[in-house]
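Let me begin by presenting the structure, written as structure tokens, before commenting on it.
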Amino acid sequence: MEIKQKHINTHSISVWNIMKQTVLKAWGDIKYAEKMFTLWYVHDIAKELWYWDEHAQVWWSLLKDLWFPYRKEVYYHGQIWIDYSSRELDLLNAADL
């Protein structure tokens, strides 16, 4: 399987840097910043494995089975007019959009 290096080297790393700096500036918590790195990575890795219109939903189902704590953030990422909100979802959306 070929990893999309351009995507990782540009967009993904930029999103991670924005998330890290936002967390450190707002909360000064390096451990939380590392957790947000995990959220970013898990959110983006599905694009490296497969990509279709429902990739977030399929990936969310797998994360749910694994009890990933930020699975709802992965599922609702990029959506509007939803009934779910969290600080982590806001962070992911702001950094990634």
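The values are calculated or read from the model by the stated rules, or taken from the named source; none is laboratory data. The model shown is predicted, which means the values in this text are computed figures rather than measured ones. Here the Cβ positions follow ideal geometry from the backbone for every residue, glycine too, while neighbour counts run over all protein chains shown. Surface areas here come from the heavy atoms of the whole protein model, side chains and all, with no ligands, DNA or RNA. Shrake-Rupley method; radii C 1.70, N 1.55, O 1.52, S 1.80 Å.
Numbers for the structure displayed
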| item | result |
| --- | --- |
| Residue ID - nearest to LEU39 (Cα to Cα), chosen from residues in region 63-90 that are hydroxyl-bearing (Ser, Thr, Tyr) and at pLDDT below 90 | TYR70 |
| Conditions (1) of a type outside the set (Phe, Trp, Tyr); (2) open to solvent by 30 Å² or more (accessible area, probe 1.4 Å); (3) closer than 18 Å to SER14 by Cβ; (4) part of a helix (DSSP H, G or I); number of the one not met by LEU91 | (2) |
| Residues of region 43-57 that turn out to be open to solvent by 60 Å² or more (accessible area, probe 1.4 Å) and either at pLDDT 65 or above or not in a helix (DSSP H, G or I) (or both), as a count | 5 |
